[in-house]
Structures are given as structure tokens and as C-alpha cells.
Amino acid sequence: MFVTLFHLMLYVLFAYQDYLGHIFWDQDIWMFPPIALLYPDLGRLIVETRTRTLAAAKILARESGFDGARYPWESAFTGLETCPAKPYPEFEIHINGDVSLMVRQYWQLTHDHDLMVNGSAAEIVWETAKFWSSRVTYDKGKDVYRILGVMPPDEYHFPVNDSVFTNSIARINLNFANDLKQTFGLPENTTWSNISNKLHIPYDVIMDYHPEFEGFSSHQDRTKQADVALLGYPLMVVMNESTRANDLTIYETTTPISYAPAMTWGIFLLGWLDLGNETKAAELFIRSILNVQQPFYVWSENSNGDGAVNFHTGMGGYLQSVLFGYGGIRLYDDSMHFNPKLINGTTKISFKGINYRQCTLDLKYTIDQLNLTLTSVNPSSAGLEVMFQESDQWQKMTVGQNIERKRQSFQIRSIQ
């Protein structure tokens, strides 16, 4: 029975060519965050798909002439490159930063020392940092480091120089690598710090926005999907609100509505929620669910029904727009923040089973009230405490206690 089912699955995959069941950045950036937040054990399994194939990533880096580890654009059982099309594995190297960002999010969410140390998750971060340090090019005249000849998430343009997404996520990778060294009592890698500090991040001071890459024209170029919009979330790059608003406005106009992949508009609406524009977010929320197809409510890659069917990447983008957008959830090194908002046309939102540092909590809120309940604490956890916007005091949370407040932002952390 298993063999029959297996061959049927292979037939379906190859008949419709829906990415052949391979692992892309979709897993790390789009699917992982909501899964890990609600099911951290499954989140760990996803991280382990990258620790298990770290040796193969080292081979790929060495064969391409670079240090450290270079994850393939498309991965399967062996962890070697399985992409059938030439330009993507050669140029779409932001995958390394995507993998490292997933590890950082998992670390912030769980503080799973076992996986970081014994399971080689920290080694992923250090080895990908080694790759970036060998892949950058130093521009002596401008005293900056550049990353040349890449394909950004917007796959319409390649090869380009200094993709703002690629350079930004490489910087995050390098910084996180040194953060982990400090955490585990190891000396700072000054090469990584120097590259991070001098890595060129394209910015147009006149238009107050981030060009997608050097030479990008906001008037002529068209973009495939969310790219620069990802700087605000999940990369959480610090920028002025005006810059983020301009990024969102400009790249919405350059991205086709019908053919943008399903996860695109959830990121744009999330950005507008951060900026307080709930009206614009509501418009984009409706656009984001046009990819759900009747009669079985299956997600398609494109809103007109074209592209991959049962498109998990789109589902991940949608879940992030709800959890991290309307729930306002953000992960930091020492805390998790919430800024709950209602979806237009709803009167109540409930999140059940949010996991943080081996504790589980439920959140329910309406237009004017929220209820927060700690539902479980692992015996090895110190427990959680909460601080609401209206207060500057941390309050210990007790299992089963319902904390009721007016709807407002708040943060939780492990008991200090």
C-alpha cells in the first residue's frame, strides 16, 4: 500500500511539475514561522532538515570556490543541488541567509540549547557566515563590501549587484553568528563584524526608499513578488516609517496583482499594519485570499488559479499575515511582543496554543478587550511574565489564570 501511494505521489508531482516536492526558501521564510510558533516540535524537525544536510552544503560551497556552507536553491534527500534550471542555483544565494534567519527565529522562540550545540544548528550560522565573508567583494574606493552577481527573491532580475534583500539578510547572518559566539563564550570574529558594518545597503536618499538592487528603476522595472517589502518583516531592518511606507507603495505598483505568488500581499498588509494603516491592510487582506480556490478552498500559486496547486507557501504567508500581522507578534532575543488588531469585519480573534520558551498560552481579543491565559509550563521552564503597554511592571503569569485587560500591546518573557 505504501509503495502504491508513493508511486502515485511521484506521478502527480512529475505530471504537474509543482516544484517536484523540493525544499526551497519557502520552507525557511514562509512555512516555518507559523508552524514553529504553534508546534515547536515540528519547527525543530524543519530546522533539522538543514542540520542534516549541512555536510552537503559544505561540499557545495567548496565546489563553487567559497568557504563555509552554501545551501542549494532546491534541496531533497541528499542536500545537494536538485534545481533543474541553471540560473537559480547559481545566483539565488540569499537561501543561505534564509536558513540562518530560520535558525535565529527558532533560537529566539525556544532557546533550544541541545539543537544549537549538539544538533549543529549554531554551526549552520557560523558556516553560512563563512560563506558570506568569502563571497563579498571589497570596493576600496567607497570602502564598502558588495555582493555581486545575484538573483533576489524577485526572480525577474538576474544577475544583479547588491540586492538589498540579499545584502540585508547576509548582514543579519553575520551579526547573528557573532551573537552566538558571545552567547557560547567564544571570541568575536572581527572579519564578520567588519563586513557587516561596511556591507552596502542600497538606499535612495532623494526618493527615500530602498532600490531593489543597484540600477533598479521604480518607473520601468517590474517585480515578481514581495522582495524589498521583506526588509520590514521578517528581517525587521530598522528604518524610518516614511522609508517603509515608500517601499510598500512603490513595490505594490511594480508587482502584478494577478500573477504575484500567493504569499506576496500578506507581507504588504503586514507592513501597513505596522504603520497603523488598517484600511490599506484590509484592502490587501482581501487581495491575499483571492488565491483560495473553490470548491475545496485549496490555495493556488496565482490568484487566477495558475501555478502550483495546494501551494503551502501561500498558506504560510497567509498564516503569517494573521499571526504576525493582526496578532502583531514579533520575536526578539529576550522577549516576544504582541500588538493585537482585528481583521476588518470581525469582532473577535482567538489564538490557541502559542508556544514560547516551553510554555503555552492562549490569546483572545475583541475591539476593546483582551484575555491572556498561560495554559502550560514545562517543568524545565522558569515560566513567563507579562508587561502590558499601560504599565511598566512585569507580572508573573500563573497557569490557568485569565488575565483580562483592555486591548493593547504587551510583551512576554521568561521569568528573570
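Read the figures in this text as sums done on the coordinates, not as results from a lab. None of the values given here were measured: they were computed from a predicted structure. Using ideal geometry, Cβ is built from the backbone for each residue, glycine included, and neighbour counts are taken over all protein chains shown.
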Exercise for the section: Positive end of the charge dipole of segment 153-198 (Lys, Arg +1 and Asp, Glu -1 on Cβ, about the Cα centre): tell me which of Ala170, Pro153, Gln182 has its Cα farthest that way. Expected result: Gln182
Fill in the blank from the handout: the chain: relative contact order from alpha carbon pairs under 8 Å, six or more residues apart, as a whole percent, is 11
Exercise for the section: Calculate the length of the line joining the C-alpha centroid of segment 195-272 to that of segment 338-359, in whole Å. Expected result: 27
Fill in the blank from the handout: Out of Asn96, Pro72, Gln320 - ranked by how far each Cα lies towards the positive end of the dipole of the chain, with unit charges on the beta-carbon of charged residues - the top one is Gln320
Handout entry: Highest-MSF residue in the chain out of Asp392, Asp221, Asp154 [GNM, Cα springs under 10 Å]
Key = Asp392
Completion exercise
Filtering chymotrypsin sites (Phe, Trp or Tyr not before Pro) in segment 250-311 by DSSP loop and by at most 12 other Cβ atoms within 10 Å leaves Phe296, Tyr297
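Going down the list Lys280/Lys352; Lys86/Lys130; Lys58/Lys140; Lys58/Lys86, which pairs span over 22 Å between their C-alpha atoms?
Going by Cα-Cα distance, Lys280/Lys352; Lys86/Lys130; Lys58/Lys140 fall outside the 22 Å limit.
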Fill in the blank from the handout: Checking Glu123, Glu90, Glu301 against a Gaussian network model of the chain (alpha-carbon springs below 10 Å), the top fluctuating residue turns out to be Glu90
Handout entry: Reduced Cα scattering model of segment 185-285, Debye log10 I(q)/I(0), q = 0.10, 0.12, 0.21 Å⁻¹
Key = -0.33, -0.45, -1.09
Exercise for the section: Restrict the search to segment 110-214; then list the trypsin sites (Lys or Arg not before Pro) that DSSP places in a loop and that have at most 15 other Cβ atoms within 10 Å of their Cβ. Expected result: Lys140, Lys142
Exercise for the section: Would you mind putting 94-101, 317-324 in packing order, based on average other-beta-carbon counts within 10 Å, highest first? Expected result: 94-101, 317-324
Practice task
Tell me the chymotrypsin sites (Phe, Trp or Tyr not before Pro) within segment 68-101 that lie in a loop according to DSSP and have at most 16 other beta-carbon atoms within 10 Å.
Solution key: Phe77
Fill in the blank from the handout: Mean-square fluctuation maximum in Gaussian network of the chain, Cα pairs under 10 Å, restricted to Thr191, Thr264, Thr128, hits Thr191
